[in-house]
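Worksheet: one structure, shown below.
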Amino acid sequence: MSHPLESLFEPGQLKQDADTCQEWGRDWTRSHSPRASAVVFPESVEQVVELVRLAVACRIALVPSGGRTGLSGGAVAANGEVVVSFDRMNRILEFDAADRILTCQAGVVTQAVQQRAAEHGLFYPVDFASAGSSQIGGNVATNAGGIKVIRYGLTRDWVAGLRVVSGKGELLDCNRGLVKNATGYDLRHLFVGSEGTLGCIVEVDLRLAPTPVPQSVMVVGVNRFRDILKVLAEFQAALAPSAFEFFSQVALEKVVAHRNMRPPLAQPTPFYALLEFDSTDLAAAEAAFARTVEAGWVSDGVLSHSEAQARDLWQLREGISESIAQFLPYKNDLSVRISRLPDFLDDVDELVAQRYPDFEVCWYGHIGDGNLHLNILKPEALSIDEFYARCAEVSPEIFRLVAARGGSISAEHGVGLLKRDYLEFSRSGEELAVMAALKQVLDPAQIMNPGKLLA
Ligand code: S2G
Ligand code: ZN
């Protein structure tokens, strides 16, 4: 069957078969069935410009899609939209040693950026479990965070320049890799985190960091939820961690079972903290560890003595998401300022125990930057619909606790479809009005990822 967009592409660049529409019409979420009408695979910026212009003329909705690892339904084509896949715009275009900038097409996989940076003796410091399949364009569109934010910040902090095709089909070349550029609004930051609702990210200038000294990893057993923050403070007083993660015993059990691994400590503890730090700070780390044990916050710990052991310890944290996927978890990705975490932890832990007494609760996340992943695991006996409905009843209560502490109902996974209707817990009416006005300016035909992020 012919398609209004067909004239723009070579055969094989526009597909309408059910399997392709199903596979490319979704991300990692399973709450909405994909119903894409077609999938296009542009191969150049010029093709993306023509695509958006023709889609505006034909009023065809577009869903930009990268590695399809999203967790909020931001890349789900649930209403007959055309998916714009950047799989074939996957070239690293340029590296400039003086600027320490790597210029990539949007479809370059995150891990390929990390590898190319290493080949140039540098380091791309944004890392997370899905880096082997996520794409840089999607990382920018969701301002991806991950496990090293405590030292290196988020994707936003490494975007030196951005080429974007707006919803009007205009190519915007934002900041061009400049370190300083005081010439008005920095539009690159508008598109970072925009989730494909303002335009298509087509090329990214990524800043690279100096390679860190060799790192050590320590996993410690923590007795009480709120003591994790005292442990964080103790280590941060002694050194600058490159990562400070946590996970509960439930999370550990799932990973150990799923990956047939050994627990890190002789005895189980309710919670675990995983920290990574410069090996040159080993003595300071051991002294801080001893103080946390003396204080009664930590019961035991293990330190990596090789890269292989460090990787194994990281697997205990990075393997959680995949290990719990079989339980179809209902996910909440929350953040509050570090200073407000202790009271927030008490609040939300109490609420979860009250409202989910018969559900298995799996806690983990980047507690060092205030980000908690609260995953409720589906009981065998409940259907997915019943389970999600039960969980959705509690979400507003959790979001009220987040709002009361000035936190965010989506720390790093984005809003997409799943969190869209709860935005008022984290954004004011005035802010939402400004966001809608900006979308009207950049996507007046409302064809860019309609229904995502903004209702
Ligand atoms: C993490 C990965 C996605 C998930 O492990 O830090 O962001 O499952 C998550 O929550
Ligand atoms: Zn995370």
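The values are calculated or read from the model by the stated rules, or taken from the named source; none is laboratory data. Being a predicted model, the structure only gives us computed values, none of them experimental. For neighbour counting, all protein chains shown are included, and Cβ atoms are generated from backbone atoms with ideal geometry for every residue, glycine included. Each accessible area value is taken on the protein alone, full model and side chains, heavy atoms only, with ligands, DNA and RNA left out. Shrake-Rupley method; radii C 1.70, N 1.55, O 1.52, S 1.80 Å.
Nearest 20 debye, what's the magnitude of the dipole of segment 327-390 about its Cα centre given +1 on Lys and Arg Cβ and -1 on Asp and Glu Cβ?
Working: 6 positive and 12 negative charges, 38 e Å.
For segment 327-390, the charge dipole is close to 180 debye.
Please calculate how many Å² of accessible area the chain carries per residue, with a 1.4 Å probe and no DNA, RNA or ligand atoms counted. If you can, show how the numbers build up before the last one.
Details: 19150 Å² over 455 residues.
Each residue of the chain exposes 42 Å² on average to a 1.4 Å probe.
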Packing-based order for 3-15, 67-79, using average beta carbon neighbours within 10 Å, highest first: 67-79, 3-15
Lys/Arg +1, Asp/Glu -1 at C-beta; the chain dipole; positive extreme among V39, L313, A285: V39
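Give K230/K331; K331/K378; K378/K452 a once-over and call out the pairs whose C-alpha atoms are over 22 Å from each other.
Working: K230/K331 26 Å; K331/K378 11 Å; K378/K452 26 Å.
The answer is K230/K331; K378/K452.
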Q309-N223 pseudo-label distance in nm [points 7 Å out on the Cα-to-Cβ vector]: 2.6
Dipole moment magnitude, nearest 20 debye, segment 216-329 about Cα centre, only Lys, Arg, Asp, Glu C-beta charged: 360
Degrees between helix 429-442 axis and first principal axis of the chain (Cα, 0 to 90, nearest 10): 40
Acute angle (nearest 10 degrees) that the helix 307-318 long axis makes with the longest principal axis of the chain, alpha-carbon atoms: 70
Among W158, L275, W297 - extreme Cα towards positive end, dipole of the chain, charges at beta-carbon: W158
Of all accessible heavy-atom area on the chain, the percent that carbon and sulfur account for (1.4 Å): 51
Residue among L239, V192, S134 farthest towards the positive dipole end of the chain, charges placed on Cβ: V192
R59 versus V441: modelled label distance in nm, points set 7 Å from Cα along the beta carbon direction: 2.6
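Restricting to Cα pairs below 8 Å that are 6+ residues apart, what does the relative contact order work out to for segment 344-425? Please round to a whole percent.
Numbers: 57 pairs, mean separation 19.5, N = 82.
Over segment 344-425, the number comes to 24 percent.
What does the helix-only formula give at 222 nm for the chain: each DSSP H stretch with n ≥ 4 adding -39500 (n - 2.57), the total divided by the residues, and the result rounded to the nearest 500 deg cm²/dmol? Show your work: numbers first, answer last.
Values: 14 runs with 148 residues, N = 455.
Using -39500 (n - 2.57) per qualifying helix, the result is -9500 deg cm²/dmol.
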For peptides 269-278, 376-385, 37-46, 393-402, sequence by mean Cβ density within 10 Å, most packed first: 269-278, 37-46, 393-402, 376-385
Check: the chain dipole with +1 on Lys, Arg Cβ and -1 on Asp, Glu Cβ, in debye: 440
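Which shape class applies to segment 48-140: rounded if a/c is under 1.5, otherwise prolate when a/b exceeds b/c and oblate if not, where a ≥ b ≥ c are the square roots of the Cα gyration tensor eigenvalues?
Details: a/c = 3.56, a/b = 1.75, b/c = 2.03.
Judged from the Cα gyration tensor, segment 48-140 comes out oblate (a/c at least 1.5, b/c at or above a/b).
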Gain upon complete extension [Q111, A287; 0.36 nm per residue less C-alpha separation]: 59.9 nm
Spacing of the two label points (7 Å from each Cα toward its C-beta) at D346 and E119, in nm: 5.4
Nearest-0.05 FRET efficiency for S279 and A389, computed from C-beta distance (R0 30 Å): 0.05
Potential extension, A18-V434 segment - 0.36 nm per residue separation minus Cα distance: 145.9 nm
Paramagnetic reach from R35 (point 7 Å along Cα→Cβ, amide N under 16 Å) across segment 1-20: 18
Whole-number percent relative contact order across segment 116-185, with pairs defined as alpha carbons under 8 Å at least 6 apart: 21
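Once fully extended, how much extra length lies between N79 and R262, figured as 0.36 nm per residue of separation less the alpha-carbon to alpha-carbon distance? Don't jump to the answer; show the numbers that get you there.
Working: separation 183, 0.36 × 183 = 65.88 nm, distance 4.51 nm.
Extra length available between N79 and R262 comes to 61.4 nm.
Computed FRET efficiency, Cβ-Cβ of E424 and L93, R0 51 Å: what is it to the nearest 0.05? Display every interim value, and only then the final one.
Numbers: r = 41 Å, r/R0 = 0.80.
Computed FRET efficiency for E424 and L93 comes out at 0.80.
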Within segment 287-323, backbone nitrogen closer than 19 Å to the virtual label 7 Å beyond the Cα of A237 toward Cβ: 287-300
FRET efficiency, L178 to S44 (Cβ-Cβ, R0 25 Å, nearest 0.05): 0.50
